[in-house]
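The values are calculated or read from the model by the stated rules, or taken from the named source; none is laboratory data. Since the model is a prediction, treat every value here as computed from it, not as a measurement. Here the Cβ positions follow ideal geometry from the backbone for every residue, glycine too, while neighbour counts run over all protein chains shown. Ligands, DNA and RNA are stripped out before the accessible areas are found, and what is left, the full protein with its side chains, is counted by its heavy atoms. Shrake-Rupley method; radii C 1.70, N 1.55, O 1.52, S 1.80 Å.
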Amino acid sequence: MKILIALLLCGAGLFILYLWMQARSLQKFDREMLPLLGKLLRNPTLQPEHQRFLGALRERDQRLQQIKSKVPNLGFTYVPSKVVRDRLLAHLSLHPDDEQGHERFMATFQKVEYLSDGELLEALLQQCVSSQNALAQQRIELCLGKAIALSPSLMPTLRTYLFDTPITFASARSFYSGATRLFRLPMEHRQRLYNMTLELLRQNPRSVAARQLVLDVGRWHFGKSHENGSPTLFDDERVRHDIQVATASGNAGEPVLSRR
């Protein structure tokens with residue numbers, strides 16, 4: 001039995017080492033991208049460097065597919081290095097309307113399966129607030145769609161994003177995606193998020209997007225209080241009542257809070 005256990009442990013160790021070596025093989029593409037990103041940060045119009053960067057990404061994605069075909073269904077994933085991430089973000093911070101910089105960012109993160117990078121999402125949310133353009137919104141939608149197990153420390157940035165960007169169905173979807181991917185939220189934190197949406201609706205009583213956001217976040221919030229995760233008819237009625245009160249109150253008074 002001891003020999004069998006030792007063999008199993010040895011096999012598991014070798015397999016982990018194999019996965020580590022495969023992940024290391026992808027890092028060479030990051031090293032190729034860094035000097036290209038440095039040149040493009042100084043001169044965003046360099047078309048050859050832009051095309052070489054996209055070519056390196058395609059090679060990286062092909063290599064990633066080869067690895068995943070050998071280790072199926074084991075959750076192997078790859079995320080660009082922090083240095084690559086920071087250079088992409090720095091470029092977009094300086095040139096928020098640069099379509100090529102946007103293309104590089106989207107191409108870099110489109111093949112990433114899971115993201116739990118709070119710093120990345122916080123920076124993207126802040127760029128949405130500061131630039132308020134469609135490209136910034138596309139970037140945050142892409143990354144929030146891949147987000148898992150986010151830290152509750154992202155809540156203040158989500159609030160700023162909610163109130164300091166124009167309320168649209170796209171921004172409402174992004175707030176909902178961010179809120180529902182925060183990890184292990186206690187009831188009082190969920191209530192705070194729900195109250196944010198009620199406050200937004202009170203300030204924008206004619207906004208269909210704000211009304212839908214209250215409904216979605218409210219059903220998620222109250223549903224989490226039940227074992228099956230689904231809201232009851234009573235919960236739905238409670239949310240609809242809160243919507244009526246918020247739209248009726250307009251811009252007067254304090255934010256409307258739902259009481260249990």
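The length gained by stretching the chain between ALA170 and LYS39 to full extension, at 0.36 nm per residue less their Cα-Cα distance, is 43.8 nm.
What the chain shows is 54 Å² of accessible area per residue, with the surface traced by a 1.4 Å probe over protein heavy atoms. With the simple spin-label model, which puts each label point 7 Å out from Cα in the Cβ direction, the ARG31 to THR232 separation comes to 6.1 nm.
The convex hull of the Cα atoms of the stretch 58-121, projected and averaged over all directions, covers 4.7 nm². In the context of the full protein assembly, LYS224 retains an accessible surface of approximately 120 Å², using a probe radius of 1.4 Å and ignoring ligands and nucleic acids.
When the alpha carbon gyration tensor of the stretch 137-236 is reduced to an equivalent ellipsoid, the three semi-axes, largest first, read 20, 17, 12 Å.
In the chain, carbon and sulfur make up what percent of the accessible area (probe 1.4 Å)?
On the way: 7890 of 14080 Å².
Roughly 56 percent, rounded to a whole number.
Computed over the alpha carbons of the stretch 99-142, Rg followed by Dmax gives 10.2, 27 Å.
Just how far, in whole angstrom, is the stretch 167-207 from the stretch 88-137 if you go by their alpha carbon centroids? Here the two parts' Cα centres lie 21 Å apart. Once backbone amide H atoms are built at 1.01 Å from N, LEU46 has no partners under 5 Å, excluding neighbours fewer than 5 places away on the same chain. Derived value for the chain: Kirkwood hydrodynamic radius 20.8 Å. Basis is the mean of 1/r over every pair of different alpha-carbon atoms. Converting the Cα gyration tensor eigenvalues of the stretch 31-173 into ellipsoid dimensions via √(5λ) gives semi-axes, longest first, of 25, 21, 12 Å. On the beta carbon distance between SER249 and ASP86, with R0 = 51 Å, the FRET formula returns roughly 0.70. Legend: residue pairs LYS111/LYS224; LYS39/LYS68; LYS82/LYS146; LYS39/LYS111; LYS82/LYS224, Cα-Cα distance threshold 26 Å; pairs beyond threshold, LYS111/LYS224; LYS39/LYS68; LYS82/LYS224.
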